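S.K.: Quick one: the structure is below, questions incoming.
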Amino acid sequence: MRITGGDGSRLGVAASAVRQHLENSVLRGADLTRTAFVVLWVVWVWGESETRHVAEEAGIPRGTLTGVARTLQSRGLLRRIDHPTDGRLVLLVLTKEGEDFMRRMFPAFNDEEALVTGRLSDAECRTFAEGLRQAVLQVEEDGEERRRSGRPTWFRGCGAARRAWGHR
């Protein structure tokens, strides 16, 4: 079964609802944005990392990472250090406070993810997780080409848009 039409918008609504719930239930109390949490998570999982790799893993532009990293650094959760062999590069590393913060926050985040999937059976959770993995792989493998083509993704069912882009 393919997600089409109204089902596609339900995917967006569901993703927004889950993101908003996680931000309001876990991250707001910590005065943290989802982007900042993801940056902390990437550095927590991968350890000391170059900023370009953290930005790529977090799915954000390097310029956005600069501002997020400065905020996290001012809160004592993250340190920026010079690369030992290439002065042009900067590394990010969690402080002790950042490590402690992630050890407290990550279980709370997982608890809320469990709430989100609480109505699903174990088999449905496995199917759901596999479906999400496949959706991410699809975007990673084909999304960039779609975005580079300049073609709006919504035009398939819209006659006026199709004609405007030279399709019949």
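S.K.: Restricting things to Cα coordinates, could you compute the convex hull volume per residue of the range 38-157 in Å³?
M.R.: Cα convex hull per residue, to the nearest whole number: 164 Å³.
S.K.: On the principal axes of its Cα set, how long, how wide and how thick is the range 1-90? Give whole Å, largest value first.
M.R.: Principal axes ranked by extent give 52, 31, 21 Å for the Cα atoms.
S.K.: Hey, another quick one. Based on the alpha-carbon set only, what is the convex hull volume of the range 95-150 divided per residue, in Å³?
M.R.: Taking the convex hull of the Cα positions in the range 95-150, it is 136 Å³ per residue.
S.K.: May I pose another question? Using DSSP to define loop residues, name the trypsin sites (Lys or Arg not before Pro) in the range 1-98 whose beta-carbon has at most 12 other beta-carbon atoms within 10 Å.
M.R.: Taking the range 1-98 and a limit of 12 other Cβ atoms within 10 Å, the loop trypsin sites (Lys or Arg not before Pro) found are 2, 88.
No value in this document is a laboratory result; all are computed from the given coordinates. Model, not experiment: these values are computed from the prediction. Reconstructed Cβ throughout: ideal geometry from the backbone, glycine too, with neighbour counts over all protein chains shown.
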